[in-house]
1. When ranked by the protection proxy of mean other Cβ atoms within 10 Å per residue, highest first, what sequence do the peptides 97-106, 10-19 form?
2. Which order do peptides 81-87, 162-168 fall in by mean Cβ count within 10 Å, highest first?
3. Spin-label point model (7 Å from Cα, Cβ direction): what's the Lys56 to Asn103 distance in nm?
4. How high is the relative contact order of the range 118-197, in percent, counting Cα pairs under 8 Å that sit 6 or more residues apart?
5. Could you rank the peptides 142-155, 59-72 by their average count of other C-beta atoms within 10 Å per residue, with the highest value first?
6. Could you tell me what percent of the accessible area of the range 1-71 is made up of carbon and sulfur, with a 1.4 Å probe and every protein chain present?
7. Which aspartates and glutamates, on any chain, are close to Lys142 with Cα under 17 Å apart, when same-chain ones fewer than 8 places away are left out?
8. From Cα coordinates alone, what are the radius of gyration and Dmax values for the range 158-197 in angstrom?
Amino acid sequence: MIIRISPIINGMQEYFSHLYGKRNNIYFPGLIARITSLDIVIGDLQDAIRKKHSKKKIGMALARIIGRIFCIADSFKSLNLSIAMINKYPKVCCSYCGCKPCNCKERRSKPNDLSDLRDPYQQYTWTISDWQTHLSEIYGAKNQKRGKENLLNRLSKEVSELLSLQARIPELNTSLDEIEMEFAYELADTLAWTIAI
């Protein structure tokens with residue numbers, strides 16, 4: 001008997017693709033247009049927070065960001081955001097310093113390979129709320145200390161990293177699958193900072 005696990009993040013990605021795929025292909029035909037639209041909705045979130053809008057309006061702005069993340073993911077044939085989230089943010093600890101909660105310094109090295117400590121089957125079924133709890137356990141104290149402005153700056157930085165990666169594609173000497181995975185990791189970071197906010 002084969003048991004099929006339905007991943008929540010990938011399920012949302014498929015849902016958004018079904019709901020908005022045609023519209024996105026018309027209004028955001030290329031990767032740059034999709035990344036730019038993400039940057040615009042992040043600006044809308046920054047305005048909503050700065051102007052102290054209601055939690056409902058801020059929640060709607062956050063939802064639009066998640067929709068744009070899936071819009072970017074949808075421009076790839078088989079980008080797996082769930083796997084990228086699991087690899088970057090394993091259940092057991094911070095993938096950079098190996099601690100829970102995170103004990104990283106401001107400048108971090110490359111993430112450690114924690115594949116032997118991962119529990120992908122459980123994380124694969126996590127909801128956004130589960131991810132929020134997990135990321136809060138690992139990074140919440142640091143994020144609270146640094147404040148919302150830092151979180152918004154980090155989220156904006158992820159857009160810059162997406163644009164930089166897109167611009168460097170011609171000079172990258174890697175396979176298309178590896179390039180797609182790099183985009184998946186950048187989108188995972190973008191989703192994580194959105195969840196942190």
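The values are calculated or read from the model by the stated rules, or taken from the named source; none is laboratory data. What you are looking at is a predicted structure, and each value in this text was computed from that prediction instead of being measured. Methodologically, a virtual Cβ is constructed for each residue, glycine included, from the backbone with ideal geometry; neighbour enumeration extends over all protein chains shown. Protein only, heavy atoms only, side chains kept; ligands, DNA and RNA dropped before computing areas. Shrake-Rupley method; radii C 1.70, N 1.55, O 1.52, S 1.80 Å.
1. The packing order, highest mean first, is 10-19, 97-106.
2. 81-87, 162-168
3. 4.5
4. Reported relative contact order: 49 percent.
5. Output ranking for 142-155, 59-72: 59-72, 142-155.
6. 60
7. Straight-line reach from Lys142, under 17 Å: Glu106, Asp189.
8. 11.0, 35
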